[in-house]
Amino acid sequence: MKVSIIYHSETGNTEKVAKLIEESVCQIEGVKAESMAISEVDESFVNDSAIVFFGTPTYAGTYSWQMKKWLDTCRIKFAGKIGCVFATEKYIGGGADNAEMALISELLVKGMFAYSVGASEGQPYTHFGAVCIKDGTDEQKERVKIFAKRVTKKVKEMFGD
Ligand SMILES: Cc1cc2nc3c(=O)[nH]c(=O)nc-3n(C[C@H](O)[C@H](O)[C@H](O)COP(=O)(O)O)c2cc1C
């Protein structure tokens with residue numbers, strides 16, 4: 001099963017979280033993952049992916065305009081894929097949750113199945129997606145890994161390799 005991680009990152013925080021997701025899900029047997037900046041998306045890999053994670057920095061309490069522009073102009077067909085989100089912000093309460101929900105709205109409009117595992121597998125809860133302050137404290141990084149692995153294992157269980 002292939003997993004794509006598409007992100008926008010200006011100063012590297014969101015990119016680091018994307019790489020962490022890539023490393024984590026690659027540890028699951030039968031999973032191939034690729035993280036890619038919006039400027040270098042591997043379209044054929046995305047087309048073959050069952051899951052696409054979208055990562056964004058928080059800008060003015062929502063997701064970045066660069067990610068919005070990319071989503072509005074890209075021609076990739078995301079319909080039918082599982083869509084997950086992650087966001088970085090500078091400080092607690094900076095709006096990452098809202099950025100994630102706004103991004104999830106985009107995914108729904110594209111016909112994706114939005115998924116986060118949420119509170120269904122106990123602590124730690126991953127409400128809308130993973131959130132890190134800048135590139136994440138150790139605890140936040142751990143939650144990113146748990147989130148990414150839980151999503152991927154569940155999708156693998158549901159749809160197979
Ligand atoms: C234009 C702009 C707006 C921002 N707005 C917010 C914000 O509303 N809340 C917040 O917590 N951080 C805000 N930040 C900080 C970034 O979300 C944060 O530093 C993020 O981790 C940067 O990600 P990157 O290193 O992947 O580019 C803003 C940064 C920029 C450049």
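The values are calculated or read from the model by the stated rules, or taken from the named source; none is laboratory data. Worth saying up front: this structure is predicted, and the values here are computed from it rather than measured. Cβ atoms come from the backbone with ideal geometry, glycine included; neighbour counts cover every protein chain shown. To get the accessible areas, we keep the full protein, side chains included, count just its heavy atoms, and leave off ligands, DNA and RNA. Shrake-Rupley method; radii C 1.70, N 1.55, O 1.52, S 1.80 Å.
List of remarks:
- Overall form of the chain per C-alpha gyration tensor (a/c, 1.5; a/b vs b/c): rounded
- Solvent exposure, largest accessible area first (probe 1.4 Å, DNA, RNA and ligands not counted), of ILE133, ILE6: ILE133, ILE6
- Reach of LYS90 by Cα under 28 Å, taken over lysines that are not fewer than 8 positions away in the same chain: LYS16, LYS19, LYS68, LYS69, LYS134, LYS141, LYS145, LYS149
- Relative contact order (%) - criterion: Cα under 8 Å, at least six apart; region: the chain: 25
- Over region 77-143, Cα pairs under 8 Å with separation of 6+ residues give a relative contact order of 40 percent.
- Å² per residue, accessible surface of the chain at 1.4 Å: 49
- For the chain, a Gaussian network of Cα nodes joined below 10 Å ranks ALA99, ALA37, ALA130 by mean-square fluctuation, and the top entry is ALA37.
- Peptides 59-67, 146-154, ordered by how many other C-beta atoms sit within 10 Å of their residues on average, highest first, read 146-154, 59-67.
- Carbon plus sulfur fraction of accessible area for the chain, probe 1.4 Å, in percent: 51
- Near the amide H of LYS110, within less than 5 Å, lie no amide hydrogens of residues on another chain or at least 5 residues away, with H placed in the peptide plane.
- Looking at region 1-108, the trypsin sites (Lys or Arg not before Pro) that sit in a DSSP loop and have at most 15 other Cβ atoms within 10 Å of their own Cβ are ARG75, LYS77, LYS90.
- In sequence order, region 50-65 has phi-based couplings of 7, 10, 10, 8, 10, x, 9, x, 8, 10, 6, x, 9, 7, 5, 5 Hz under the Karplus curve 6.51 cos²θ - 1.76 cosθ + 1.60, θ = phi - 60°, and Gly or Pro positions carry x.
- Here the simple spin-label model places points 7 Å from the Cα toward Cβ, and for VAL109 and SER44 these points are separated by 3.1 nm.
- In order through region 115-125: 3J(HN,Hα) via Karplus (6.51 cos²θ - 1.76 cosθ + 1.60), integer Hz, x for Gly, Pro: 8, 9, 6, x, 9, 5, 10, x, 6, x, 6
- Sparse-neighbourhood loop sites, chymotrypsin sites (Phe, Trp or Tyr not before Pro) in region 74-123 - DSSP loop, at most 12 other Cβ within 10 angstrom: TYR91
- Using θ = phi - 60° in the Karplus curve 6.51 cos²θ - 1.76 cosθ + 1.60, the 3J(HN,Hα) couplings for region 149-156 round to 5, 4, 4, 5, 4, 5, 5, 4 Hz; x is entered for Gly and Pro.
- Within region 1-58, none of the chymotrypsin sites (Phe, Trp or Tyr not before Pro) combine a DSSP coil assignment with at most 15 other C-beta atoms in a 10 angstrom radius.
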